[in-house]
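Peer 1: Here's a structure for you.
The values are calculated or read from the model by the stated rules, or taken from the named source; none is laboratory data. Computed from a predicted structure; not experimentally measured. Please note: Cβ atoms are built from the backbone with ideal geometry, for glycine as well, and neighbour counts cover all protein chains shown.
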Amino acid sequence: MLAADLLGNRKAPDPSFTRSVVVSLMWIGVSILFGIVLGFIYGSVTAQQYFAGYLVEKALSIDNIFIFALLFRSFAVPPELQHRVLYFGVFGALVMRGAFIAGGAQLVDHFTWVLYIFGVLLILAGIRMLRGEGQINPDRNPVVRLFRHFMPVTKDYVGGQFFSRVDGRRAATPLLVALVAIEVTDVVFATDSIPAIFGITTNVFVIFTSNAFAVLGLRALYFVFADAMDRFRYLKFGLAALLLAIGAKLLLAEVVHISILTNLVVIVVIIGASLLASVLFGGDIETETGS
């Protein structure tokens, strides 16, 4: 399915809004169907875990999209080249998340107290998001700065190429720098999203598949939401509340038992309320790239 998503969109450099909506809805439908199949094979609890994890990751991926849009603005990436960065960025995101999940699963399997650390990280992430500290400034990103220090970068974009030659020397183009920034940003977001889903379930198969399905169709979803980012001003408050709630659940797991169904309902209510509030009361707001 990842191959179908990537190869199917490879020759669609600037998809229309209608096409992006159709593709996004198609992948959401496939994701729901997969959850239903899980329910038939492994039972309703597994299906509930999957849907809860999927909703959390999908909501956080929308926040990722807004950051991607800000990065594209910062690097002045031409609209016709943004699809190329997203094409490789989505594949890299899934690989890195797989590595995060595998590492997290090993830690939880051998050291159950790691879940308390995840809980603290989620609460800190929620507070950071409420304070508006989640924006990324590529000029202050240490990885991007280090990349530019060791690798010469051309002044202008060279079509869709990641590399070019300047005075006979191999040099990166700003498009590759933008891709590096996207990948680094996804690593930063993974430190929030992966602990969040471990707060829902420790089933590695469910964790990975819910992440994978949330990432599938991310390119199309970008072209749906990127131009409307200013309209979803309350989404970050919903996401912050979600991270705080899951973090508190992890810290209080030995004292308070919350069923997966309750988790799912809480997630749906929080995300739904923040999106509804954004649609009803979200006027234009200023967006800027902070540190």
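One line per residue, one yes/no per condition, for (1) surrounded by fewer than 20 Cβ atoms within 10 Å (Cβ to Cβ); (2) at pLDDT below 90; (3) under 28 Å from MET129 (Cα atoms); (4) not β-branched (Val, Ile, Thr):
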| residue | (1), (2), (3), (4) |
| --- | --- |
| VAL23 | no, yes, no, no |
| GLY29 | yes, no, no, yes |
| VAL56 | no, yes, yes, no |
| SER61 | no, yes, yes, yes |
| ARG84 | yes, yes, no, yes |
| MET96 | yes, yes, yes, yes |
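Peer 1: Next question. Mind counting the residues in region 29-58 that are touching a Phe, Trp or Tyr at 6+ places or on another chain (Cβ under 7 Å) and either outside any helix (DSSP H, G or I) or not polar (S, T, N, Q) (or both)?
Peer 2: Counting residues in region 29-58 that are touching a Phe, Trp or Tyr at 6+ places or on another chain (Cβ under 7 Å) and either outside any helix (DSSP H, G or I) or not polar (S, T, N, Q) (or both) gives 4.
Peer 1: Checking the condition surrounded by fewer than 21 Cβ atoms within 10 Å (Cβ to Cβ), over 17 Å from the mean Cα position of the chain (by Cα) and under 15 Å from ILE200 (Cα atoms), which residue from LEU33, LEU130, LEU115 passes?
Peer 2: Residue meeting the stated conditions: LEU115.
Peer 1: Filtering region 65-82 down to residues that are farther than 14 Å from PHE223 by Cβ and not aromatic (Phe, Trp, Tyr), which residue is surrounded by the fewest Cβ atoms within 10 Å (Cβ to Cβ)?
Peer 2: Restricting to residues being farther than 14 Å from PHE223 by Cβ and not aromatic (Phe, Trp, Tyr), the top hit is ALA76.
Peer 1: Another question, then. Among what's in region 8-21 and is modelled with pLDDT of 70 or more and assigned to a helix (DSSP H, G or I), pick the residue that is surrounded by the fewest Cβ atoms within 10 Å (Cβ to Cβ).
Peer 2: THR18
Peer 1: Then there is this: Name the pairs whose Cβ atoms lie under 9 Å apart, with the first residue in region 1-19 and closer than 25 Å to SER210 by Cα, the second at pLDDT below 70 and surrounded by 12 or more Cβ atoms within 10 Å (Cβ to Cβ), and 6 or more positions between them or separate chains?
Peer 2: Partner pairs satisfying both residue conditions: ASN9/PRO15; ARG19/ALA12.
Peer 1: Going through region 38-54 one residue at a time, which ones are surrounded by fewer than 21 Cβ atoms within 10 Å (Cβ to Cβ) and polar (S, T, N, Q)?
Peer 2: Within region 38-54, SER44, THR46 qualify.
Peer 1: Let me ask something else. With the requirement that a residue be out of contact with any Asp or Glu (no Cβ under 9 Å at 6 or more places or on another chain) and within 13 Å of PHE75 (Cβ to Cβ), what does region 163-183 give you?
Peer 2: Listed by number, the residues that qualify are ALA172, LEU175, LEU176, VAL177, ALA178, LEU179, VAL180, ALA181, ILE182.
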